[in-house]
Structure formats: structure tokens, C-alpha cells
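Below: the structure, in C-alpha cells.
Every number here is computed from the coordinates shown, using simple stated rules; none is lab data. Quick caveat, the model's predicted, so the values are computed rather than measured. Here the Cβ positions follow ideal geometry from the backbone for every residue, glycine too, while neighbour counts run over all protein chains shown.
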Amino acid sequence: MRVKTGQRVRIFNGTDGEWLATIQAITKRHVTVRLETKIRRPAPEPQVTLLLAPIKRTPFDYVIQKAVELGVARIIPVLTERTIVARVNLERLTANAIEAAEQSDRLTVPEIAAPAALGTAVRGLAAGTSVIFCDEAGDAAPLAQALSKMPGGPMAILTGPEGGFSPQERAMLRGQTFVIPVSLGPRILRADTAALAALAVWQSTHGDWK
């Protein structure tokens, strides 16, 4: 990052907050800093998880970055029947998430979980989590309308792969009492557009935790 010894930087994490610090030493593998002034305390953040099927590298990287900026706490790549990309580079995605957290001035870096089968990921969410299922193929209330009726609390937003969810997957999801089908509008959205559109609507209604 082209920083030098003696230069002042800001460092942060979600547990200790943000500090003004001075770089004491730089080696190939480590940087030593001296903490000086605490400039921001950690604060509660909304517990929202994004579940989305992996897509091609560039759009997927972009979605991860913007999801971090929009305030997600956790990202789970889900493998569906129609998922085209089955492997993800967790190290690269985590690096993207760190950069996005720095850019958006948030103190936490969302967890990016290992890919999991759709059913496993949905059923493995913490008890009490409501799943917002963005269903492009069925009748459902608009997302904003559904969110307006929901109290705060753990929430997950689920968007599908480039080919959409299969009929079997849709039936499985709609059969879960904690899954709430919603519509993102009349147009067919790309997988990356759908995820960010859903998060933007969520943030406008439930993302203000201050």
C-alpha cells in the first residue's frame, strides 16, 4: 500500500472499533503499529445474510463488493440445480470484502462462508431467521411491501442463479414456514442485479440500525 514508517493510518475491527495509529516497523510479512487514539466505538449492525448462487467471476466479485457496502453481515454462496459456476475463490472474495468495508467506512468485514447446497444453507440458518425468497416465477407481494410488515431481527435474502430456481426448489422453499416469497417487479433481472436490487430495498427499510 506504499505506506512508510512513521506514517499515520486508521485501523479497525468490529470488536475494538477504529483507532488512529502510527506505523512503527514494516517487513515483508508484518506491519507493527502503535495505537494512539480511539476515534470510533463498535456499534450494533443488522443481522442480514445474503444467499446467492455463484455466477461468473466479474459480476460475482461486483456483487460481493456492493453487498458489503449495503451492510450484509454474512454471505453464503448456494449451489442450486441450475447453478453454472460451482467453485468460488473464498480468498479472493474475502479480499474484495475487506476492500469494500474500508471503502464504505464500516468497521466489520462480513463472513463469506463456503458454498453449500441450497437446502442445507437455508435450513442451517440460525433459529428465528426469516428468509426473503426472491421468486421470479411465482405470484408474491412486492419486496418493499413484505418488508414493511416485518419487525427487526435476523433476516436472510435469497436470490437465484442465472437460470432461475427449478420447480422443485421453489416448492421446497415455499414449503418452509420461515420463508417469505417476494417479487422484485415485472421485469426479468440478471442474477447480480436481483441480489443488489433486493439489498437496496432492504437497506432503505431495515438497514438503519442507529
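Determine the distance separating the Cα centre of the range 41-57 from the Cα centre of the range 129-177; give it in Å without decimals.
So the separation of the two Cα centres works out to 16 Å.
So, R0 is 45 Å and r is the distance between the beta-carbons of Asp105 and Ile188; what FRET efficiency does that work out to, to 0.05?
Details: r = 34 Å, r/R0 = 0.76.
For R0 = 45 Å, the calculated efficiency reads 0.85.
What does DSSP give for the chain in terms of the percent of beta bridges that are antiparallel, rounded to the nearest 5? Before the final figure, lay out the partial values.
On the way: 14 of 37 bridges.
Here the share of antiparallel DSSP bridges comes out near 40 percent.
Hey, what do the phi angles of the range 65-82 turn into as Karplus ³J(HN,Hα) couplings, whole Hz, using 6.51/-1.76/1.60 and θ = phi - 60°, x for Gly and Pro?
4, 6, 5, 5, 4, 7, x, 5, 9, 8, 10, 10, x, 10, 9, 10, 4, 10
I need the calculated FRET efficiency for the pair Glu162 and Ala126, taking r as the beta carbon distance and R₀ as 30 Å, to the nearest 0.05.
Rounded to the nearest 0.05, the efficiency is 0.60.
Quantify how much of the Cα-Cα distance distribution of the range 89-210 extends past 26 Å, in percent.
Numbers: 1676 of 7381 pairs.
Everything past 26 Å amounts to 23 percent.
Please list the non-local residues whose amide H lies under 5 Å from the amide H of Val33, H modeled 1.01 Å from N, same-chain partners needing a gap of 5 or more.
Close amide H contacts, sequence-distant or interchain: Gln24.
Report, largest value first, the span of the C-alpha coordinates of the chain along each principal axis, in whole Å.
That gives 60, 35, 30 Å along the principal axes, largest extent first.
Which value in deg cm²/dmol, rounded to the nearest 500, describes the helix-derived mean residue ellipticity at 222 nm for the chain, given -39,500 (n - 2.57) per DSSP H run of n ≥ 4 and division by the residue count?
Details: 6 runs with 65 residues, N = 210.
Value at 222 nm, helices only, nearest 500: -9500 deg cm²/dmol.
Relative contact order for the range 48-206 using alpha-carbon pairs under 8 Å, separation at least 6, rounded to a whole percent? Provide the component values of the computation, followed by the final result.
Numbers: 263 pairs, mean separation 48.6, N = 159.
Once normalised by length, the contact order is 31 percent.
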